[in-house]
Amino acid sequence: MSKTIKETRICVIGLGYVGLPLARLFSTKFPTVGFDLNQSRVDELMSGHDSTREVEDKLLQEAINKHGLKCTTNLEEIKDCNFYVVAVPTPVDENHNPDLTPLVGASTTVGKVIAKGDVVVYESTVYPGVTEDECIPVVEKISGLKFNKDFYAGYSPERINPGDKVHTVEHIMKVTSGSTPEIGAYVNEVYKEVITAGTHLAPSIKVAEAAKVIENSQRDINIAFVNELAKIFNRMGIDTQDVLEAAGTKWNFLPFKPGLVGGHCIGVDPYYLAQCALRHGYNPEIILAGRRMNDGMGEYVAEQVVKLMLKKGIQVLNSKILILGFTFKENCPDVRNTKVIDIYNTLKEYNTKVTIHDPWANAAIAKREYSVDIHNELPTDKYDAIILAVAHNEFKHLNLCALQIDNSIVYDVKAILNTDVYDARL
């Protein structure tokens, strides 16, 4: 391969939480086109607005008007690119098995436009081997080109943190890799042009894939540990947050907190690693135990709220309960794999009347994906129980007294309320 950095023309496939910030950043240094199958998403972006709020409108408009970023659904408009970046979701199905459908679809798209000498780099989180064993054969079949002879590949795992305006893509070190040493160096140089935090060139694509999938698996296991501690200390009448604060005075104590583990990364990636382990004849006991613990926390929170209500003599049947927050994390509109739905569903089993308020969530998406009604504006009713499920900034100074019936309870999942406000916290 003889291309130089200056000849690089980039296409980012998938313009969601990962792809759009990356396309915007690449456009500051390279001719860049963003491709997505969703025409309404493309129209929105070309109007200068990002509903995910990952890219500020001012930055997006600057990328379009100053740097020439173009978003499209038209394959003809990406055929002139020579560096394709795939940034599509990698979910799991209802049985927690990896669903590679979006990756296969994106690889098919690449296969239709890739030419001799071009490079395709995958950013989607996968288990080791997916890029070369699952994705590349699709590109070969569709394009008729030969891997590592006619076209090349790389893997550079995304490290986007939705809602984080400090650790944006350019400020997070990027792991890179290539299908040959020369391609690895080239991919690394391309990313180095825009990633101010620096890059780390891994020795192989599989190493880079493995590095990504263990990052979130490690966090998942650590959170599962403190979630289990929370259950133990609750039975003992000890405040978990007080325990963690005391233990945190030791210099090497890891500052993890209990909570709901949702989203498209921490709540999903361990299943990819577990699937890979099983395929190689190893039963990943700790990884799956952590998943079971974290997947059950929504139900646990709901059960604790019901117990608190009963202790106070509050009639659970037909009681009115307010859940504050529905997104999978604070200050972010992303509702993918939110575990707040588990709180909601468990409470509904008790025939309670549950209201959800979230100023960030898209009510239409929540209705379509979860069949729930989201109130973006704060309701004016009074409730028998209030559950603070997501730590949006808007909730930190709410006057909860105005929403409470005299005897009602407040459960603080995120431990952000003052001690005189809540009845219990996780």
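The values are calculated or read from the model by the stated rules, or taken from the named source; none is laboratory data. The structure displayed is predicted, hence computed values, not measured ones. So basically every Cβ, Gly included, is an ideal-geometry build from the backbone, and we count neighbours across all protein chains shown. Areas reflect the complete protein model, heavy atoms only, side chains present, ligands, DNA and RNA absent. Shrake-Rupley method; radii C 1.70, N 1.55, O 1.52, S 1.80 Å.
Some points to look at:
- Sparse packing (at most 12 other Cβ atoms within 10 Å of the Cβ) combined with a DSSP loop state is found for the following trypsin sites (Lys or Arg not before Pro) in the range 199-280: LYS250.
- Sparse-neighbour loop sites [trypsin sites (Lys or Arg not before Pro); the range 1-81; at most 11 other C-beta within 10 Å; DSSP]: LYS66
- Protein accessible area in the chain, 1.4 Å probe - carbon and sulfur %: 52
- The residues neighbouring SER143, those whose beta-carbon lies less than 11 Å from its own, together hold a net charge of +1 under the Lys/Arg +1, Asp/Glu -1 convention.
- Size of the range 1-113: Rg and Dmax of its alpha carbons, in Å, are 14.4, 46.
- Rounded, prolate or oblate (a/c below 1.5 giving rounded, otherwise prolate when a/b exceeds b/c) for the range 153-228 by Cα gyration tensor: oblate
- Among the trypsin sites (Lys or Arg not before Pro) in the range 85-164, those located in a DSSP loop and surrounded by at most 12 other Cβ atoms within 10 Å of their own Cβ are LYS116, LYS146, LYS149.
- FRET efficiency for VAL207 and ALA247, using Cβ-Cβ distance with R0 set to 30 Å, rounded to 0.05: 0.35
- Remark: the GLU303-ASN38 segment gains 91.4 nm on full extension, using 0.36 nm per residue and subtracting the alpha carbon distance.
- Per residue accessible area of the chain, 1.4 Å probe, in Å²: 45
- Counted over the range 1-145, the DSSP beta bridges are approximately 5% antiparallel.
- Per-residue ellipticity at 222 nm from helix content only, as computed over the chain with -39500 (n - 2.57) for each DSSP H run of at least four residues, stands at -11000 deg cm²/dmol.
- Inter-label distance, ALA424 to LEU310: 1.1 nm, where each label sits 7 Å from its Cα along the C-beta direction.
- Taking every C-alpha pair closer than 8 Å and separated by at least 6 residues, the mean separation divided by the residue count of the range 1-127 gives a relative contact order of 28 percent.
- Loop exposure criterion: chymotrypsin sites (Phe, Trp or Tyr not before Pro), DSSP state outside H, G, I, E and B, at most 12 other Cβ atoms within 10 Å. Applied to the chain, the longest stretch between such sites is 1-250.
- For MET297, net neighbour charge (Lys/Arg +1, Asp/Glu -1) across residues whose Cβ lies under 15 Å away: +2
- Counting only GluC sites (Glu not before Pro) that DSSP places in a loop and that have at most 13 other Cβ atoms within 10 Å, the longest clean stretch of the chain runs over 95-376.
- Under the shape rule built on the C-alpha gyration tensor, where the axes satisfy a ≥ b ≥ c, the range 84-213 is oblate, since a/c reaches at least 1.5 while a/b does not exceed b/c.
- Dipole size of the range 282-341 about its Cα centre, with +1 on Lys/Arg Cβ and -1 on Asp/Glu Cβ: approximately 240 debye, rounded to the nearest 20.
- Cut-off 10 Å between beta-carbons: net charge of the residues surrounding PRO359, Lys and Arg +1, Asp and Glu -1: -3
- For the chain: relative contact order, % (alpha-carbon pairs under 8 angstrom, 6 or more apart): 11
- Where both bridge residues fall in the chain, DSSP classifies roughly 5% of the beta bridges as antiparallel.
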